[in-house]
């Protein structure tokens, strides 16, 4: 069913995959540039039946790096449509207004406009309540945008009324406090969005018009699915299809990370489909063929929408159809985090996002020169991939029996199994590229000097480091528990596991242990005031899960000393001790020693570079990006 055709009005779609709108931040000037053309073309070639591009209806509604209709070359939009049509891929233009959902810093001198002066939970800035003139101008901007897109040869229009952006703000009693005819108390705030949709339909004429909604706001006091169904029924005569997401960006319930089950919000789409009779596009965490087929087969939707599956792997739809391995989206939220900060979008596992045009200029070179990559973790795998793609004879050498490095451990905690799929994908990719992989072999100076490679990449990673406290030898590194190298002792009557360090490793190790043994008592101590700071928004669902499972979290707590069965701590000036069956150390990492490799290379004047943790400590995404950027420089040198 997934690869059968579907029609929305006169628009024939070759399959059921829709690439959803995702702000890239790539816009520069009043035309689509070659970088953007290449980005979208790659995904059209990859099998998407339609690609959605976000266009702000005017300057006030624009995000940083977004094209706006009132300053966009019609010819360039038409060229984008024609480029996609070469691959039997349709172009959907999403008409967008950010409303209050943008930072003042990124919005420049423009005022943030909203139904009422209620600040965003994310951005904090207080918007201006729209006056009569601003409402009329905004409605006219939407109408003009519809006509503009029709003239440019766009195949369909999508009107954004979701995720906490302008039109959805009118639908919520939380954000719409107006007392006029556009207030929530009058027709549940539907009047202004209705007028906008009706105006767009009038200008779009026979073009398909799609409405994008959040199934429910998922915030205290916000609207639910019943109100969304009522709204969709009200506007049903003006629209042809509904794209249905979960909640808002600021909802306390997670929306798009790996904590959300696959296709979890498709029931919202099913309800709208049932009670309106309109075809629907289900969204949120539909990143594989099995999930998509299940949702379609169960009648929950007519089409499946995904943005980040296509972000991670431009060839996603084709590879699913051909039952090939694809680069899986990890739901790590690096992409959305960048967008919300006003930065260009990037993918933590596909560093080529936005670089497609430049990659096409870096053609493979004919050479017999050899590159040796030392280390099989994320940086080493990416370095070997890019080296082989550039045309170098490439050898990857690792002391381990498999690829993955720290990713082997990162895949152990709950919800993180997608990382294993990434490692499998990379190993197959390296083999297809002809990379020679040497497992369980230590790389020493003798090996390198016997090879005399053209270039050596040191991707030896990092290892845990112990805190400088008395009795630290009594502790166990958390990584040794994740790897299975060390087993936990039985739980005593009064004892517990004490984890020192409330960062990613400490928190995820606790989740891992709890999944194995729900009865384990665990206490995590953290010297700082915040747990999981480097996790960003992803810390929220993890911390909620840990608390729900009885894990005790002690912030502003310093570990002073360890003894057998005891952890001595201080909270301010107060001293205490905790009973401990086991003491786990999750207190950071340091780069592995590599001087025994680099010094002989320098002595022989053989070129090398450090990547990943060997260069700068970071996470897996940072390591991958480091290796990719090395080979953009190496090729051009």
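Derivation of every value follows stated rules applied to the coordinates shown; laboratory data play no part. Source: prediction; values computed, not measured. All Cβ positions, glycine included, derive from the backbone under ideal geometry; neighbour counts span all protein chains shown.
What's the FRET efficiency of residue 358 with residue 220 using the Cβ-Cβ distance as r and R₀ = 45 Å, to the nearest 0.05? Using R0 = 45 Å, I get an efficiency of 0.45.
Placing a pseudo-label 7 Å from each Cα along the Cα-to-Cβ vector at residue 439 and residue 552 gives an inter-label distance of 4.4 nm.
Normalised Debye scattering of the chain at q = 0.05 Å⁻¹ gives log10 I(q)/I(0) of -0.26, counting only Cα atoms as equal scatterers and leaving out solvent.
Stretched out straight at 0.36 nm per residue, the stretch from residue 274 to residue 322 would grow longer than its current Cα-Cα span by 14.1 nm. Taking packing as the residue-averaged number of other Cβ atoms within 10 angstrom, the listed peptides 339-350, 597-608, 456-467 run from highest to lowest as 456-467, 339-350, 597-608. Using C-alpha pairs below 8 Å separated by at least 6 residues, the relative contact order for the chain is 10 percent. Packing-based ranking of 440-448, 615-623 yields 615-623, 440-448, ordered from highest to lowest mean Cβ neighbour count within 10 Å.
By the Stokes-Einstein formula, at 0.890 mPa s and 25 °C, the stretch 1-105 with its Kirkwood radius over alpha-carbon pairs has D equal to 170 µm²/s. If you wrap the tightest convex hull around every Cα atom of the stretch 431-478 and split its volume per residue, you get 164 Å³.
Calculated FRET efficiency, residue 45 to residue 401, Cβ-Cβ distance, R0 = 35 Å: about 0.40 to the nearest 0.05. Seen against the Cα atoms of the chain and their longest principal axis, helix 418-432 is set at about 80 degrees. Helix 504-516 and the longest principal axis of the C-alpha atoms of the chain enclose an angle of approximately 90°. Here 103, 5 are placed in order of increasing Cβ neighbour count within 10 Å, fewest first, which gives 5, 103. Can you tell me how the stretch 315-436 classifies by the Cα gyration tensor, rounded, prolate or oblate, using a/c under 1.5 as the rounded cut? The shape class here is oblate. The distance between label points at residue 494 and residue 421 comes to 4.8 nm (points 7 Å beyond Cα on the Cα→Cβ vector). The C-alpha atoms of the chain define a longest principal axis, and helix 266-276 lies at about 10 degrees to it.
Can you sort 207, 11 from fewest to most other Cβ atoms within 10 Å of each residue's own Cβ? Spell out each step's value before the answer.
Numbers: 207 22, 11 18.
Ordered from fewest to most neighbouring Cβ atoms within 10 Å, 207, 11 come out as 11, 207.
Within the chain, DSSP assigns beta bridges of which about 20% are antiparallel (rounded to the nearest 5). When 373, 567 are arranged by Cβ crowding within 10 Å, least crowded first, meaning fewest neighbours, the order is 567, 373.
If R0 is taken as 41 Å, the Cβ-Cβ distance between residue 179 and residue 7 corresponds to a FRET efficiency of 0.40.
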